[in-house]
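Read through the structure below, which is laid out as structure tokens, and then see the notes.
The values are calculated or read from the model by the stated rules, or taken from the named source; none is laboratory data. Owing to the predicted nature of the structure, the values given are computational and were not obtained by experimental measurement. We place every Cβ from the backbone using ideal geometry, glycine too, and count neighbours over all the protein chains shown.
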Amino acid sequence: MSDEIKKGLLGIVVDETEVSKVMPEINSLTYRGYAAQDLCAKCKFEEVAYLILNGELPNKSQLKKFENQERKERKLSNTLLQDIRRFPRNAHPMDVARTTVSIMGLEDKETKDNSPTANMRKVMRIFAKTPVALAAFYRVRKGKKIIPPKKNLSFSENFFHMCFGKVPDKEIVKAFDVSLILYAEHSFNVSTFTARTITSSLSDIHGAITGAIASLKGPLHGGANEEVMHMMNKIKKPEYAFKWINKALDNKDVVMGFGHRVYKSGDSRVPTMREYFGKVARLKKDKKFEKIYNIVEKVMIERKNIHPNVDYPTGPTYHLMGFDTDFFTPIFVISRITGWSAHIIEQHAANKLIRPLAKYKGNQHRKVVRLNQR
Ligand code: CMC
């Protein structure tokens, strides 16, 4: 047994997966064999969610059934709605997402049943209810009435409807759908690995997703999309961007929304999301953030050869859509529930307890001295 340490499991292959493939060498990402960009161009989010969970793209009747199931499961229990009304209004929505999924685990009659069929039923409930719970909190914390979900609206349309009381233009909904497709799955990233690690002890899906949400919250992972917006707000104007980013690099600061553990010459999801960010900026007639975006990106590539990751364009896109900054990572959650769930189901199907080793570097063996002699 080698005792060479690979900190951060850098470069270690820990298992097999059929869910997605990240190919940094050709700057590509496939879900179940389909390129994410191709899926963005030809599918709505629900089709991709079905694909990730079931392994194949749905035909029309399979999609209808899947959409009906999701829409039927949107209703929250009265207890959960009461809980959401009682949550501290200044709580971070990621903590609300985490707590909400955990409460759903208390309420779900099938929590303990890890059979594939029960797990799929639970996935549909978590997938349908989490965005509804988040949108309810979006309203509650502003002192507004919770808007009930509508069964005639798609997954994305319903989220807008419940947050803002209206559904925006088709192009905005499409851009939101694209962001959800690009966020849906990304192999053994830290939150997915967390979900699989929790699952490996044969724990339940609500627990695994609760843990995954906690992991996604961190600024080195999903939390980066919020940090990107904070950075752009600090920069304020395009004319300050060049000076700001150079100073940040002189100070050796980590610039959020840049760099990736796997992609070293650009994140495959960025070109598509960048295109939709541009479309949203044009529709909203607001070019400020695009200008800041371009200047910061240019300097990062020229000075550090570090490219943007997907959180860089999603941050300002969600801002232009009207979402509060602390809701950006929760939006990532409502999409990634699909990827996490597919991995949890895959882990259950061929489980092996995840239990790495550590090289001990603490005190050598010593004798305990009794309390009255210390
Ligand atoms: N800004 C400035 N320098 C950077 C950045 C950055 N964003 N990313 C990497 N570097 C530098 C880093 O300082 C290091 O330099 P040196 O070798 O001189 O010490 C070198 O590049 C290698 O970086 P690393 O941190 O060792 O690489 P890693 O693979 O461990 O880190 C990362 C990957 C994503 C944690 C890191 O790039 C980072 O902190 N980025 C900012 C946070 C971020 O945007 N996260 C989102 C990740 S992708 C989407 C998602 O999961 O949500």
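Miscellaneous remarks
- Selection status of ARG374, of a type in the set (Lys, Arg) and within 30 Å of THR314 (Cβ to Cβ): no
This table checks each residue for (1) away from the ligand (no atom under 16 Å from the Cβ); (2) modelled with pLDDT of 95 or more; (3) assigned to a helix (DSSP H, G or I); (4) more than 19 Å from CYS40 (Cβ to Cβ).
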{"position": "THR272", "(1), (2), (3), (4)": "no, yes, yes, no"}
{"position": "GLY278", "(1), (2), (3), (4)": "yes, yes, yes, no"}
{"position": "ALA281", "(1), (2), (3), (4)": "yes, yes, yes, no"}
{"position": "GLU290", "(1), (2), (3), (4)": "yes, yes, yes, yes"}
{"position": "GLU297", "(1), (2), (3), (4)": "no, yes, yes, yes"}
{"position": "MET300", "(1), (2), (3), (4)": "no, yes, yes, yes"}
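- Any hit, the stretch 113-127, residues being part of a loop (DSSP other than H, G, I, E, B) and of a type in the set (Ser, Thr, Tyr): yes
- Inside the stretch 278-308, residues that are buried (at least 23 other Cβ atoms within 10 Å of the Cβ) and in contact (Cβ under 8 Å) with a residue 60 or more places away in the chain make up a count of 4.
- Condition check for ALA212: within 16 Å of the ligand (Cβ to nearest atom), touching a residue at least 60 places away in the same chain (Cβ under 8 Å) and under 21 Å from LYS112 (Cα atoms): yes
- Boolean, ALA136 is outside the structural domain of VAL280 (by TED's automatic domain parsing), within 30 Å of ALA281 (Cβ to Cβ) and small (Gly, Ala, Ser): yes
- Long-range neighbours under 6 Å by Cβ, at least six apart or interchain, first residue within 13 Å of SER341 (Cβ to Cβ) within the stretch 122-140, second polar (S, T, N, Q) and modelled with pLDDT under 95: none
- The requirement of being within 27 Å of HIS186 (Cβ to Cβ), more than 11 Å from the ligand (Cβ to nearest atom) and surrounded by fewer than 21 Cβ atoms within 10 Å (Cβ to Cβ) is fulfilled somewhere in the stretch 229-238, by at least one residue.
- Residue match in the stretch 163-186 (condition: within 16 Å of ILE345 (Cβ to Cβ) and under 18 Å from the mean Cα position of the chain (by Cα)): yes
- Looking only at the stretch 193-209, and only at residues there that are touching a residue at least 12 places away in the same chain (Cβ under 8 Å) and outside any helix (DSSP H, G or I), the one that is farthest from the ligand (Cβ to nearest atom): LEU202
- All conditions but one from (1) part of a helix (DSSP H, G or I); (2) farther than 19 Å from PHE45 by Cβ; (3) within 16 Å of the ligand (Cβ to nearest atom) apply to PHE188; the one that does not is (1).
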